[in-house]
Amino acid sequence: MDAGVEARSGSFLQLSSWARLKSEWEGERIAWVDEHDDVQGVGLVLHRRLPKVRRSLAYLPEGPVLPWDEVAEDPQRWFGPLVEHARRSGAFTLRVGCPSTARTWEPGTVKAALADEEQTSLYAVPADAVDASGSAIVSWLQARGWSRADDGPGFAAGQPRLTAGLPLAGQSEESLLKGMNQQWRRNIKAATKAGVQVRLATPETLREDVAAFHRVYVETAERDGFTPRPESYFHRMAELMGAPGSPARFELALGELDGELLAATINITVADRCWYLYGASTTARREARAMNGTQWFGIQRALAEGCTVYDMRGITDEIGNDDPHAGLVRFKISVGCDVHERVGEWDLPINRLLHKAFQLYLGRRG
């Protein structure tokens with residue numbers, strides 16, 4: 001099944017190793033096969049079981065991995081069997097995270113919207129491209145009782161509806177630098193001039209390097225006001241996502257100056273796509289701009305490996321001048337990223353009573 005994810009440039013969130021990392025969920029591999037028993041699509045279903053009743057939320061993060069242009073032509077052909085399987089498996093709610101694109105905004109459009117005091121949401125800004133297939137799937141889901149699971153302000157509990165991706169196809173290092181804003185180029189030069197050295201963790205140094213990353217990551221969490229994951233989570237991620245034979249490549253890059261760790265990033269690559277997952281930096285020697293140098297190292301690596309996209313993951317739609325989330329949008333746009341609105345995460349209630357109870361539970365928890 002993992003080979004099917006790789007062959008179709010699917011998300012790392014659809015790999016078996018991701019299911020093993022998310023040990024609080026039960027992972028299940030599924031496939032769509034035609035009349036000749038040829039596999040046409042694959043999926044990883046994560047089941048979160050309710051205690052005692054053993055019914056589950058069945059969730060496909062950034063999945064399933066399907067030929068989405070064909071799905072748009074006849075969604076029932078693909079979603080129908082999935083719904084039936086979820087029902088037979090005891091799911092009270094089925095959640096899919098369709099990765100196909102609905103709309104795209106180019107960096108210049110987003111930059112202009114950020115500068116417009118009248119604009120507060122990117123969703124209200126006319127897109128530079130509208131994907132007919134993505135739009136058709138959204139319309140079909142809306143008409144058949146599915147509801148968005150990724151609406152509302154800020155980041156939802158699942159995967160982001162809006163993502164920032166740096167196009168790499170047909171690019172060179174020179175063209176990528178040209179596409180960045182002036183400050184980013186200056187910061188990369190500053191890192192080079194200061195003598196920042198970026199290296200990859202190796203199997204021999206991985207345990208020590210993950211521990212060093214985590215120390216800086218905890219400092220970053222305290223500074224930015226989020227709850228950090230435990231160190232054990234990253235050791236497990238490195239073990240699973242970087243395992244021999246896995247379609248995924250796990251890379252921990254460490255930006256150091258005179259032997260002192262100043263910044264680090266974790267990237268995962270599957271097929272022709274590289275995802276930037278985690279970044280951490282210390283307040284020490286900020287003038288060296290080690291994070292910019294480390295990020296640039298990751299972009300260079302992705303380009304050299306033949307990736308078509310350097311995916312910098314999620315942003316929110318909030319672009320008002322006084323909104324704290326606007327800074328993250330501004331940061332990723334300054335690298336030269338396009339913004340993509342995915343078809344996104346949708347819920348289908350199978351048992352409405354349990355679905356409503358689960359929604360109430362999430363509301364109390366949030």
When each pair of different Cα atoms in the stretch 13-105 is counted once in the 1/r mean, what is the Kirkwood radius in angstroms, to one decimal?
-> 14.0 Å
Nearest 10 degrees, 0 to 90: what angle lies between the long axis of helix 231-241 and the longest principal axis of the chain (Cα atoms)?
-> 70 degrees
Relative contact order of the chain: what whole-number percent is it, with Cα pairs under 8 angstrom and at least 6 residues apart?
-> 25 percent
Post the alpha-carbon centroid distance, the stretch 190-222 to the stretch 116-187, in whole angstrom.
-> 29 Å
Taking only C-alpha positions in the chain, Rg and Dmax in angstrom work out to 20.9, 62
Total formal charge among the other residues, if their Cβ is under 12 angstrom from that of Arg103, Lys/Arg +1 and Asp/Glu -1 | -4
Linear extension gain, Lys193 paired with Gln142, 0.36 nm per residue minus alpha-carbon span = 13.0 nm
Between Asp322 and Arg215, what is the label-to-label distance in nm when each label sits 7 Å out along the Cα-to-Cβ direction?
-> 4.1 nm
Please build a GNM for the chain, connecting alpha carbons under 10 Å apart, and tell me which residue among Leu122, Leu206, Leu66 fluctuates the most.
-> Leu206
How big is the Kirkwood radius of the stretch 77-175, worked out from every pair of different alpha carbons and given in Å to one decimal?
-> 16.5 Å
25 Å Cα cut-off, lysine pairs counted over the chain (separation 8 or more, or different chains) | 11
Tilt, helix 182-194 to longest principal axis of the chain (alpha-carbon atoms), in degrees rounded to tens, equals 60 degrees
Using 0.36 nm per residue of separation minus the Cα-Cα distance, give me the extension gain between Leu353 and Gln300 in nm, one decimal.
-> 14.0 nm
Taking Cα atoms, the helix 206-224 axis meets the longest principal axis of the chain at an angle in degrees (rounded to 10) of 90 degrees
How high is the FRET efficiency from Thr283 to Asn181, r the C-beta distance, R0 22 Å, rounded to 0.05?
-> 0.45
Virtual paramagnetic centre 7 Å along Cα→Cβ of Gln40, amide N under 16 Å, in the stretch 61-78 | 64-78
Value of [θ]222 nm, deg cm²/dmol, for the chain, DSSP H segments ≥ 4, -39500 (n - 2.57) each, nearest 500 | -11500 deg cm²/dmol
Compute the relative contact order of the stretch 169-307 as a whole-number percentage, counting only Cα pairs closer than 8 Å that sit 6 or more residues apart in sequence.
-> 29 percent
Would you mind counting up the charge near Val83? Only other residues with Cβ under 13 Å from its Cβ, with Lys and Arg at +1 and Asp and Glu at -1.
-> +3
What is the pair-distance distribution P(r) of the stretch 169-307, computed from all Cα-Cα distances in 10 Å bins starting at 0, with each bin given as a whole percent?
-> 12, 41, 36, 12, 0
Debye calc, one equal point scatterer per Cα of the stretch 288-355, no solvent, log10 I(q)/I(0) at q = 0.12, 0.16, 0.28 1/Å comes to -0.52, -0.75, -1.25
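No value in this document is a laboratory result; all are computed from the given coordinates. Because the structure is predicted, anything quoted here is derived from the model rather than measured. Note that each Cβ is placed from the backbone with ideal geometry, even for glycine, and that neighbours are counted across all protein chains shown.
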